[in-house]
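A short worksheet on the structure shown next.
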Amino acid sequence: MEIWKLLLFMPVCFALNMTPGPNNLLSMNNARCYGFKSAFIGGLGRIAAFSVMIVLAASGLAVVLYASEILFLTIKVVGAVYLLWIAFNLWSSEVSPLSGRGGRLNRLGLAKQEFLLAAGNPKAILIFTAFLPQFVDTSASVNEQFLVLGATFLVLEMGAISVYAIFGIYLRQWFSKPEMAKRFNRACAGFLAASGASLLLSRQQ
């Protein structure tokens, strides 16, 4: 694809990657409680979910999601309920967002949560369907361009995971006291609950 389109795509894409959504918030809190490496490995679950979405968008299967109100509603409800479940666990925990055992959560479990959180948001695949094609030249190989744009998106997403994880590490010194950590967890729980409610109220575009 043309290099100038890729150069235009990257800053716009990274701004989208850095949006403080539920997955980025989860990575930040995971880093605060379990460390940078665990948060980054957990974030790879999100990368896996986004990879599937990009493939669906490139293959045109996302049209099914557009056309099926039942499928959209099912994914939306499941995703919202999962968000609210995480918010509940965060709110009721003392220090760790997901476990009361001092932060030793299986990294595979973190990755699974990131995957389910990303996959449970039908709006995400609609973003890929609406956003990526804006930078595709239909006179050239569409699949190759989707591959380049999709790979670039995933690399930048890993950068966003790292930034939020580093910020989470920085928060450790601010929230080392149990009471402060509890307040932070509840603030994050409120944000995730609001995201879940927003997802439930969202409509198929």
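The values are calculated or read from the model by the stated rules, or taken from the named source; none is laboratory data. Just so you know, these numbers come straight off a predicted model, no measurement behind them. Here the Cβ positions follow ideal geometry from the backbone for every residue, glycine too, while neighbour counts run over all protein chains shown. Please note that ligands, DNA and RNA were not included when accessible areas were found on the heavy atoms of the full protein model with its side chains. Shrake-Rupley method; radii C 1.70, N 1.55, O 1.52, S 1.80 Å.
Odds and ends about this structure:
- When residues in segment 46-75 are screened for being open to solvent by 40 Å² or more (accessible area, probe 1.4 Å), among the small types (G, A, S) and modelled with pLDDT under 65, 1 of them pass.
- Residue that is modelled with the highest pLDDT [pool: residues in segment 163-183 that are open to solvent by less than 30 Å² (accessible area, probe 1.4 Å) and closer than 12 Å to L26 by Cα]: A165
- Within segment 17-32, being in contact with a helix residue (DSSP H, G or I) (Cβ under 8 Å, 6 or more places away or on another chain) and of a type in the set (S, T, Y) holds for one residue alone: S27.
- Here S93 clears all of (1) small (G, A, S); (2) surrounded by fewer than 20 Cβ atoms within 10 Å (Cβ to Cβ); (3) at pLDDT 75 or above except the condition numbered (3).
- In the set (1) within 21 Å of V12 (Cα to Cα); (2) of a type outside the set (V, I, T); (3) open to solvent by 50 Å² or more (accessible area, probe 1.4 Å), the condition left unmet by S139 is number (1).
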